[in-house]
1. For residues in segment 69-102 being over 15 Å from the mean Cα position of the chain (by Cα) and assigned to a helix (DSSP H, G or I), which is farthest from MET146 (Cα to Cα)?
2. Scan segment 103-141 for residues that are within 16 Å of ARG32 (Cα to Cα), of a type outside the set (A, V, I, L, M), part of a helix (DSSP H, G or I) and touching a helix residue (DSSP H, G or I) at 6+ places or on another chain (Cβ under 8 Å) and jot them down.
3. Would it be correct to say that GLU70 is modelled with pLDDT under 95 and either in contact with a Phe, Trp or Tyr (Cβ under 8 Å, 6 or more places away or on another chain) or among the charged types (D, E, K, R) (or both)?
4. Can you tell me which of ASP90, ASP36, ASP108 is modelled with pLDDT under 95 and either loosely packed, with under 14 Cβ neighbours inside 10 Å or closer than 17 Å to LYS135 by Cα (or both)?
5. Out of the residues in segment 1-20 meeting the condition of being in contact with a helix residue (DSSP H, G or I) (Cβ under 7 Å, 6 or more places away or on another chain) and not aliphatic (A, V, I, L, M), tell me which one is nearest to ILE82 (Cα to Cα).
6. Which pairs turn up if I take residues in segment 81-103 that are in contact (Cβ under 8 Å) with a residue 24 or more places away in the chain and under 21 Å from ALA126 (Cβ atoms) and look for partners that are surrounded by fewer than 20 Cβ atoms within 10 Å (Cβ to Cβ) and of a type in the set (Asp, Glu) with beta carbon separation below 6 Å, at least 6 apart in sequence or on another chain?
7. Looking only at segment 36-68, how many residues end up being in a helix (DSSP H, G or I), over 21 Å from VAL81 (Cβ atoms) and among the β-branched types (Val, Ile, Thr)?
8. Name the single residue, out of those in segment 1-35 being in a loop (DSSP other than H, G, I, E, B) and free of Cβ contacts under 8 Å to residues at least 40 places away in the same chain, that is farthest from the chain's Cα centre (by Cα).
Amino acid sequence: MAEFAGVPIGTGRRVAVLVSRFNEAITERLERGATDALLRAGVAEADLDIIRVPGAWELPTAARAALATERYDALVALGAVIRGETPHFDYVASAAAEGLAAAAADYDVPIGFGVLTCDTVAQAEARAGGTHGNKGVDAVLAALEMVDLIARLDVETDDRRASARVSATHRV
């Protein structure tokens, strides 16, 4: 039985960080955590792009545009949607999550999900470098781990195909 797992290694990887400007006091902290984590993981500064969008609603469109360039091994999406008095929160949070998931699936490129969906500003602050850590860092580590996992699976698949070709040749 084979078992596979990825490791969050950024060396040789090109990554874009998509950052929502809405709730900027929170998203700036997520961005700092994410960029620091990417650099510590070995992503070269020249291989790191920051893409700014107005809000979380625009993250999926920006993700699709970035992925269409075929420039990136992974994306990290950062935003903060904080519940208000109307159902607007539900629509924006759902659209961002579903849109980013669809973009990742359509392009087969990992997107680290660092979009906070909180009831209060205090909850968001706690998750943007406060008592609950920095979800920008968590999104980076997940994205890099998935890039490595996919690469490991591709190598294993290629090795098995090559082995099958050799076996088939020897049977003749």
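The values are calculated or read from the model by the stated rules, or taken from the named source; none is laboratory data. Predicted model, so just to flag it, every value in this text is computed and none were measured. No Cβ is skipped: glycine too gets one built from the backbone with ideal geometry, and neighbour counts run over all protein chains shown.
1. HIS88
2. GLU125, ARG127, LYS135, GLY136
3. Numbers: modelled with pLDDT under 95: no; either in contact with a Phe, Trp or Tyr (Cβ under 8 Å, 6 or more places away or on another chain) or among the charged types (D, E, K, R) (or both): yes.
For GLU70, the condition - modelled with pLDDT under 95 and either in contact with a Phe, Trp or Tyr (Cβ under 8 Å, 6 or more places away or on another chain) or among the charged types (D, E, K, R) (or both) - is not met.
4. The match here is ASP90.
5. Among them, the one singled out is SER20.
6. Close Cβ pairs satisfying both conditions: ARG83/ASP119.
7. 0
8. Looking only at segment 1-35, we keep the residues that are in a loop (DSSP other than H, G, I, E, B), and these are 1-14, 21-23.
From what's left, free of Cβ contacts under 8 Å to residues at least 40 places away in the same chain: 1, 3, 11-12, 21.
Numbers: MET1: 29, GLU3: 23, THR11: 16, GLY12: 16, ARG21: 17 Å.
This residue is MET1.
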